[in-house]
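Working notes, beginning with the structure itself.
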Amino acid sequence: MMQIGITINNVSYEREVPARTTLADFIRGLPGLTGTHVACEHGVCGACTVVVDGAAVRSCLMLAAQAEGRQIETVESLAGDGELSPLQSAFRKHHALQCGFCTSGILMTMHALLRGEPDVDEERVREVLSGNLCRCTGYQPIVDAVMEAKQSYG
Amino acid sequence: MGDILRQTYQPKSNSFIGQPIERVEDLRFLRGRGTYVADVEVQNELHAVIFRSPVAHGRITHLDVGAAASLPGVAAVITCKDIGEVPIIPLRQQVFDEGIPYLQSVIAVDKVRYVGEPVAVVLAETAAIAEDALELIEFDVEELPVVVTTQAAATDRQLLFEESGTNCPIVMTASKGDAEKAFASAPYTRRESFSVQRHFALPMETRGLLAVWDEAEEQLTVHGATKVIFFNRALLAKMLGLSNDRVEMIEVDVGGAFGARGEFYPEDFLIPFAARHTGRPVRWIEDRRENLMAMNHAREMDAEIEIACELDGTVIGLRGNINVDIGAYVRTNGFTAPRNVAQFCSGPYDIANIALDASVFMTNKTPAGTYRGPGRFEASFFMERLLHLAAQDLGIDQAEIRRKNLIPEAKMPFKMARMAHVDPSSETECDGGAYGEVFDRCLEEFGWEEKQHLQGKLIDGRYHGIGLGCFVEGGAAGPREGVRMRLESDGSVIVNVGSSAVGQGLQTILGQIAADGLGLPMERISVRHGSTSLVKEGFGSFHSRSTVMGGSAVHNACIEMMQRIREKAALRFGCSAEAIEILDGKARHKGASLDFAALAGEGLEVELSFPNSKHTYSYGAHAAHVAVDPATGHVEILKYQTVEDVGRVINPATLHGQVLGSACQGFGSVFLEEIIYDENGQLLTGTLADYLIPTSTDFRGVDSVSLGLRPCPNNPLGAKGAGEGGLIAVGGTLANAIAAALSSFDVKPHHLPLTPRRIWHLINDSKKSGFAAQAQANSTDARTGQ
Amino acid sequence: MKLPEFEYRSPATLSEVIALLVAADGEAKLLSGGQSLMPMLAFRMATPTVLVDLRKVEGLDAIEINGDVRLGARVRWCDIEKDQRLATAHPLLQEAVRHIAHYQIRNSGTVGGSLAHADPAAEFPALAVACGAVISTVAANGSRTVAAEDFFLGPLVTVLEPDEIITGITFPAWKAGRRFGFQEFARRRGDFAIAGAIVHYDIDAGGRMADVHVGAFGLGDTPIRLQVAESLLDGQQPTAELFERVATAATEDVEIQDDIHADAEYRRSLLGTMLMRALQSSSRSGD
């Protein structure tokens, strides 16, 4: 067991957990933070994507211990005060989600992308999105939503 | 009341039905506040991990869980000994006695028959500890020869079920007219071999269950149920020796189902049993490695099918045999795909003489069940390839041969082939539709004529081709669906339905229907779904039935609710119910009005079932333009067009989403996905790096048009089940486009998946053998003249 | 797929790292980016007793350019993508990295991790071999350098001793005007290559190809240099006709394996196609 302190969405959490706990499971064990989903546990599907010190990262491929002292952002940080963020609204408008299970990971990936590269073109969006699996939408609506949302990141 | 229930939906200018209403469910999903089964909170839980057979076939000689049970943190390890009389999972669809010897026990008893078969259940404080304990279980098996192909199974040299005497439980026969006579006299026939690979639904959320047993109340609550909750509840209660009212199944948010999630699996007994056995809540979350070997597989078939035509391209006969590999056990819906592939091989075409056998075989692989468009995807692939070849051989235009054979509207309702095994679906008929008109619309949207010049052309190092496919999509299976609608004292409405939400936007769609039915804004309506406590009787979501069945039930409940409101208002106003006018949530009479809330009293409730014995048939066509790189075998889809008539479009946005999503799954089926076993029955595709599903860069260029052209005559909404049509015709359409692109090599893309390697070999083997030899081979399969 | 138990250590110095490796007697694993190691732990294909996290060890994450290009072992793919100096200092390195995995993985995966993992279908080990890079390591008995072409022994097997850790890799200086090409064929973007080819060469005063490097990967065992191709191309005028001829000839005797993704015959042909396309695209590179 080890004592690990991680800041998530600007809130500090200190927990004693087994050393083998992944960042994904650490996050999901905290109250109100089950929005980060685990879907493959071997780093292929991207559903567990969170942002660590500004970079999109597969949280199932990171030990909680590696996140000690770092800043994590999860999907719960996107909507301010009950209002959906422009990215989230664009997803809703373009019907970019159906079952919703891959959605958190895709939102965080695209959020990190647009913050870093607000002037992306569709090719770049598709390229980055290729690291996230979705079984429901066929991806086009997601690309459309991101292309609309990018203007709010400029 | 009977007339009221037959009132069909009439669209108004301000209807919610037909509008692309943004989904209500999106708000929580986008915020990360969905509640999937892994998110449900409970105290004092144990985590379950299943010990699964590492061997494909054998008699269990040794099973010792002592060391595992002694590991600190492990509460118990359950084997068949703890269960006593081990329940057997019955058939739910296509329920025939032939399946009985091949049904699966909820846990292995004396034999194991596939890698992944549950043998024991470890219960521990954490999932990690439970997994540690797996390694301590001693398990020995006297290995038996492994059967991994239908050919090997068919010899019956090695039986999976010794007492049954055969590996073939059933042959499902579809027939119409007199196929033997038709083929004997046909001026043209052609026979071809095909195969579709084993693959499966792979929803993004793996399966999971959370079972809570209240000893004092003798009450079991199971979270994570979906699809056919009422059937599963009754089955589980029986298996546990409880009455139905002691078992509650709760549907939470579901991360995709596609026909595979929600059927009764071994874990659906084992986890609730474990909860009662240990007296603590038990949570089981399937991991992805398990999911690849334990969730229903699908689609593995090989077939030899023959088409018979007149010289003008009229198809007069279809016959042949399809071998269906359903794995080690007959699952709850194991016979559905076999029945479908036989009954729906003719698709949307009017073929007078049919004799098709679907022979079902047991093999030492994960059992198979339904996956979106079960049997229909495979059938369409076979049919569309044969039509394409017939058109080529007879010198008929690809569009013309389809137009000629599509079921004419004048012949509706049109009976499909009849199944020899009789159940409610042994006879089914296409309900209606303008098949030719929708087909022409597809050609127009795609630009079929304009693209003709591309056929077989080499442009910038790639061969271009275009192809077609038409389909029907059966939906709305009966027998009924239940709804309980409550007008609350504050004027809000709660709609409880037996349908399940699996990601298809059910809450929004039924909300739209209720809003129109009651003349209220959608914000006043909340839809609750799936759980057994909500309605007396429900049947669930499968066979694209929720919009028709759940929707019609909601529609009818609204009519009855409006009548009750009128009657209450009539009493208050001292007039007849007929004199009451309802507008915008108020009952009006001669200038006076009363709000619904004022009339609701302590609540007005309507509960009813919508019965239906007739399937609906959405129908349409696909067209594809592909470019094939002959050096690598890679195929790019340049444009893919679908057009479908769904009778009545309730929400064009969610419907469009379904079409795009199912088309993408179809592309995965054609190019990427394959479950591979070795000769020892070991699963080689055990990770998502081996089992490949489409990503955002693999396929683009899909356009879809959905029409509400010919409302369905068999339900008050006029709607037809939709959601699988985007996928059904994909195999044949793409194979035809590829064959057209590679026409100078005369290849036969008859075996899925059409991986780059397979296409490369088709081209190169054709080059090696010389085209003349290829043409020779073809002529033995096709007879003309005589 | 929860991870097996291990002891977790995150020492601050290289000597502490080595001490831990020595004490674990071959049962320790180094954690760098974790993008290759974590999946192996999840499938319990690796069950180390000790996991030694390198994140606190300083001095392993620099990109130094002094003519040659030295990447510290903990340099991440995203660091390479973002370093603008590399656009001229080693454009082939940036091009190759663009093909590695996906966006999220590139934020974590490291150079050292990829080399130590030695997947035969991985792009970076192949690049190291093709370019003639040299790998630096340190162990209990001191430091050494190993040429990339000697470093990989087989699939997932390298010359690394149990107590040895990669500290960096040095790519030879890139000449101005050098031409290069990188082509791989994968089932989907970001997947491991079924076959891939890497080329770079200079053009001498007479317009002929010189110092030709041709590498191939995804073939089964380890990435290799295609010496036959190199000798056929060396001293020749770079023409489309030459490229086509060499691409076929060069792949004839290469040892190639069957696996579930490709049979040897197809793979061999694919390698030839990738080589030809890499050579064709090289004409458009350089200055």
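Quick check on chain B: take the gyration tensor over C-alpha atoms, sort the square-rooted eigenvalues as a ≥ b ≥ c, and tell me if it's rounded (a/c under 1.5), prolate or oblate. Walk me through the numbers before you get to the answer.
Details: a/c = 1.89, a/b = 1.12, b/c = 1.69.
Oblate.
Can you figure out the FRET efficiency of B:His453 with B:Ser744, using R₀ = 22 Å and their beta-carbon distance, to the nearest 0.05?
Details: r = 15 Å, r/R0 = 0.69.
About 0.90, to the nearest 0.05.
How charged is the neighbourhood of B:Cys575? Take every other residue with its Cβ under 14 Å from the Cβ of B:Cys575, and add Lys/Arg as +1 and Asp/Glu as -1.
Every neighbour counted, the sum reads +2.
So who's got an amide H within less than 5 Å of the one on C:Gly168, skipping anything under 5 residues away but keeping other chains? H placed 1.01 Å off N, in plane.
Sorted by chain and number, the residues that satisfy this are C:Ala73, C:Ser136.
Would you tally the net charge around B:Ala128, using a Cβ to Cβ cut-off of less than 10 Å, leaving B:Ala128 out, and scoring K and R as +1, D and E as -1?
Working: positive: A:Arg20, C:Lys2; negative: A:Asp25, B:Glu125, B:Glu131, B:Asp132, C:Glu5.
Local net charge: -3.
Please work out how much length the chain gains when fully extended from B:Asp765 to B:Thr8, using 0.36 nm per residue of separation minus the C-alpha to C-alpha distance, in nm with one decimal. Numbers along the way, then the final one.
Values: separation 757, 0.36 × 757 = 272.52 nm, distance 5.85 nm.
Taking 0.36 nm per residue and subtracting the Cα distance, the gain is 266.7 nm.
Hand me the GluC sites (Glu not before Pro) from region B:18-115 located in a DSSP loop with no more than 14 other Cβ atoms within 10 Å, in residue order please. Could the numbers behind the result be given before it?
On the way: sites: B:Glu22, B:Glu25, B:Glu41, B:Glu45, B:Glu85, B:Glu98; in loops: B:Glu22, B:Glu25, B:Glu41, B:Glu45, B:Glu85.
Counting only loop positions with at most 14 other Cβ atoms within 10 Å, the GluC sites (Glu not before Pro) in region B:18-115 are B:Glu41, B:Glu85.
In nanometres, what is the gap between the two model label sites at C:Val22 and B:Glu427, each 7 Å from Cα along Cα-to-Cβ?
If labels sit at C:Val22 and B:Glu427, their model points lie 8.7 nm apart.
What nm value, rounded to one decimal, do you get for the distance between B:Glu310 and A:Gln3 when each label is placed 7 Å out toward the C-beta?
8.9
Using Cα centres only, tell me the gap between region B:161-216 and region A:48-103 in whole Å.
Cα centroid of region B:161-216 versus Cα centroid of region A:48-103: 41 Å apart.
Rounding to the nearest 10 and keeping the result within 0 to 90°, find how far the Cα-based axis of helix C:264-282 lies from the longest principal axis of chain C.
70
Under the rule a/c < 1.5 gives rounded, and otherwise a/b versus b/c splits prolate from oblate, where does region B:1-146 land using the Cα gyration tensor? The partial results should precede the final answer.
Numbers: a/c = 3.27, a/b = 1.71, b/c = 1.91.
Because a/c hits 1.5 or more and a/b fails to exceed b/c, region B:1-146 counts as oblate.
Whose amide H sits under 5 Å from the amide H of B:Ile17, counting only residues 5 or more places off or on another chain, with H placed in the peptide plane?
Under 5 Å from the amide H of B:Ile17 lie the amide H atoms of B:Asp516, each far enough along the sequence or on another chain.
Length gain on complete extension for the stretch C:Ala62 to C:Gln227, per 0.36 nm per residue less the alpha carbon to alpha carbon distance?
Values: separation 165, 0.36 × 165 = 59.40 nm, distance 3.26 nm.
Stretched fully, the C:Ala62-C:Gln227 segment lengthens by 56.1 nm.
Show me the ranking of peptides C:149-157, B:195-203 by mean Cβ neighbours inside 10 Å, starting with the highest. Intermediate values should be presented prior to the final figure.
Details: C:149-157: 15.8, B:195-203: 22.3.
Descending mean neighbour count gives B:195-203, C:149-157.
So for chain B, averaging the separation of alpha carbon pairs under 8 Å that are six or more residues apart and normalising by length, what relative contact order in percent results? Walk me through the numbers before you get to the answer.
Details: 1970 pairs, mean separation 126.5, N = 786.
That works out to 16 percent.
Cα centroid distance between region B:433-477 and region C:91-164, in Å?
First find each Cα centre; the distance between them is then 48 Å.
Just checking the output field for A:42-51: average partner chain Cβ neighbours within 10 Å of each residue's Cβ?
Numbers: counts 13, 15, 14, 6, 6, 3, 1, 2, 1, 2.
Mean partner shielding for this stretch: 6.
Let me have the 222 nm mean residue ellipticity of chain B computed from DSSP H runs of 4+ only, each contributing -39500 (n - 2.57), with the sum over all residues rounded to the nearest 500. Don't skip to the end; give the middle numbers.
Working: 23 runs with 224 residues, N = 786.
Taken over chain B, the calculation gives -8500 deg cm²/dmol.
Between C:Ile260 and B:Glu41, what is the spin-label point distance in nm, taking each point 7 Å from the Cα along the Cα→C-beta axis?
My value for the distance between the label points is 4.1 nm.
For C:Leu153 and B:Glu217, what does the FRET efficiency come to when R0 = 56 Å and r is the distance between their Cβ atoms, rounded to the nearest 0.05? Could the numbers behind the result be given before it?
Working: r = 64 Å, r/R0 = 1.14.
Once the sixth-power term is evaluated, E becomes 0.30.
If packing is taken as the average number of other Cβ atoms within 10 Å across a peptide's residues, how do C:246-259, B:369-382, B:241-254, C:268-281 rank, most packed first? Walk me through the numbers before you get to the answer.
Values: C:246-259: 16.7, B:369-382: 28.9, B:241-254: 18.3, C:268-281: 23.4.
Going from most to least packed, we get B:369-382, C:268-281, B:241-254, C:246-259.
If I stretch the segment between B:Ala598 and B:Leu571 completely, what's the gain in nm (0.36 nm per residue apart, minus their alpha carbon distance), one decimal? Could the numbers behind the result be given before it?
Numbers: separation 27, 0.36 × 27 = 9.72 nm, distance 1.29 nm.
Computed gain between B:Ala598 and B:Leu571 is 8.4 nm.
If you filter region B:1-79 for trypsin sites (Lys or Arg not before Pro), then keep DSSP loop positions with at most 12 other Cβ within 10 Å, what is left? Walk me through the intermediate numbers first.
Working: sites: B:Arg6, B:Lys12, B:Arg23, B:Arg28, B:Arg31, B:Arg33, B:Arg52, B:Arg59; in loops: B:Arg6, B:Lys12, B:Arg23, B:Arg33.
In loop regions of region B:1-79 (DSSP not H, G, I, E or B), the sparsely surrounded trypsin sites (Lys or Arg not before Pro) are B:Arg6, B:Lys12.
Quote the FRET efficiency, to the nearest 0.05, computed for B:Glu125 versus B:Lys614 with a Förster distance R0 of 41 Å and r equal to the Cβ-Cβ distance.
Details: r = 53 Å, r/R0 = 1.28.
Taking R0 as 41 Å, the efficiency between B:Glu125 and B:Lys614 is 0.20.
Looking only at region B:23-64, which residues have a backbone nitrogen under 12 Å from a spot 7 Å from the Cα of B:Thr278 in the C-beta direction?
B:44-50, by backbone N distance to the label point.
Please compute, for peptide B:285-292, the average count of beta-carbon atoms on other protein chains lying within 10 Å of each residue's beta-carbon.
Values: counts 1, 0, 9, 9, 7, 1, 2, 1.
That average works out to 4.
For a quick protection proxy, order the peptides B:481-490, B:619-628 by their average other-Cβ count within 10 Å, most packed first. Please report the intermediate quantities before stating the final value.
Details: B:481-490: 21.5, B:619-628: 28.6.
Ranking the peptides B:481-490, B:619-628 by packing returns B:619-628, B:481-490.
Can you give me the angle between helix C:14-24 and the longest principal axis of chain C, using Cα atoms only, in degrees from 0 to 90, rounded to the nearest 10?
Its long axis makes an angle of about 70 degrees.
Each value in this text was obtained by applying a stated rule to the coordinates, not by laboratory testing. All figures in this text were calculated on a predicted structure; none of them were measured in a lab. Glycine also receives a Cβ, built like all others from the backbone with ideal geometry; neighbour counts cover every protein chain displayed.
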